[in-house]
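J.: Pasting a structure here, questions to come.
The values are calculated or read from the model by the stated rules, or taken from the named source; none is laboratory data. Model, not experiment: these values are computed from the prediction. When we count neighbours, we look across all protein chains shown, and the Cβ atoms used for this are built from the backbone with ideal geometry, even at glycine. Please note that ligands, DNA and RNA were not included when accessible areas were found on the heavy atoms of the full protein model with its side chains. Shrake-Rupley method; radii C 1.70, N 1.55, O 1.52, S 1.80 Å.
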Amino acid sequence: MELTAIIPSYGQVALLRTCLTMLERALALTKLPGTAIVVVDNGTLTPYRLAEFGVASVRIVRFDRPHSYSTACNRGACEMPARRYLFLNNDVFIHPEAIAEMLDVMREHKAGIAGTRLVLPDDTIQHCGVKFDGGERGPYHQHHGRPTAIVARATSFPQAVTGAALLIDHAVFTALGGFDEAFPFGYEDADLCLRARHLGIRIACAQGQDSLHLESFSDRRPDRHQASRRLFFERWRGRYAIDGDENG
């Protein structure tokens, strides 16, 4: 298998259906000889059924109770091993050409991890790379909230990219032991990327296409990141480069 796309998801059947439809189209445009989609049903009260999605090739892995994002991602990767893994949120509608661009960026720049530009419904940036501040802010999304039309399109090489749409080589994912399941919710993507950088792995962010991210549509609890945030700072404070104090 050349590429397995993994989507941890809870409920939100209509949202997931649209996510899968866009993903299937984008995978077809990669022209890879073998791709697969794994949906990790993360404890949805009424289990998902394949017939709900109308997508040709989806494998559903079921947890009977919710697990962490890290655990769900790792389980999905075990289900369908591949040369590369694409981790995708169920609230991301991937641009048809975005995955092909991410693959091209990885090949051209010899990167082990690639992210992509994500925009909010108002055409402002949700993600185009993660930067790090020296204070309590820690990791933050560069240019968040700025109009996408005024943000440069050149491929960037940040210290981290969001797990909402993250492509990673199998060898890198295996060397890292996958996402760290100690993180209950959030910051596991920044942790993964920083651990990769400590191994000398290059991280890139493709900027040519705008994929829609509804940003935490399925979980809007204001305190959902607190435990993971504490763990992240305990582990990484003082161990990453300081990018600056850019607003947004």
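J.: Starting from the Cα-Cα distance between PHE233 and LEU50, subtract it from 0.36 nm times their residue separation and give me the gain in nm to one decimal.
T.: 61.9 nm
J.: Whole Å is fine, so just give me how far the alpha carbon centre of the stretch 1-15 lies from that of the stretch 182-208.
T.: If we compute the Cα centre of each part, the gap is 20 Å.
J.: When DSSP beta bridges are limited to those with both residues in the stretch 3-236, what percentage is antiparallel, rounded to the nearest 5?
T.: Antiparallel: roughly 45 percent of the beta bridges in the stretch 3-236.
J.: With every protein chain kept in the model, how would you rank GLU188, GLU215 by accessible area, 1.4 Å probe, largest at the top?
T.: Reading off the accessible areas and sorting them downward yields GLU215, GLU188.
J.: Over the stretch 1-129, consider all pairs of different Cα atoms and compute the Kirkwood hydrodynamic radius from their mean reciprocal separation; express it in Å, one decimal.
T.: Radius from the Kirkwood sum: 15.1 Å.
J.: With semi-axes √(5λ) of the Cα gyration tensor in Å as the read-out, I listed [x] 38, 25, 19; [y] 25, 20, 18; [z] 35, 20, 18; which label goes with the value calculated from this structure?
T.: Structure-derived value, by its label: [y].
J.: Let me ask you something else. Given a 1.4 Å probe and heavy atoms of the protein chains only, how would you sort LYS110, LYS131, largest accessible area at the top?
T.: Solvent-accessible surface, decreasing: LYS110, LYS131.
J.: Continuing with this model, one more query. Once the Cβ-Cβ distance between GLU79 and HIS225 is put in as r, and R0 is 22 Å, what FRET efficiency do you end up with, to the nearest 0.05?
T.: For GLU79 and HIS225, the calculated efficiency is 0.25.
J.: If you don't mind, there's one more thing I want to ask. Can you give me the long-range amide H partners of VAL61? Hydrogens built in the peptide plane at 1.01 Å from N, cutoff under 5 Å, separation of 5 or more residues or another chain.
T.: The list, which skips near neighbours in sequence, is VAL39, VAL40, ASP41.
J.: Another question, then. Mind ranking THR21, THR46, THR148 by accessible surface for me, highest first, 1.4 Å probe?
T.: Ranked from most to least accessible, the order is THR46, THR21, THR148.
J.: Going by Cα centres, the stretch 54-68 and the stretch 85-155 are how many Å apart?
T.: 25 Å
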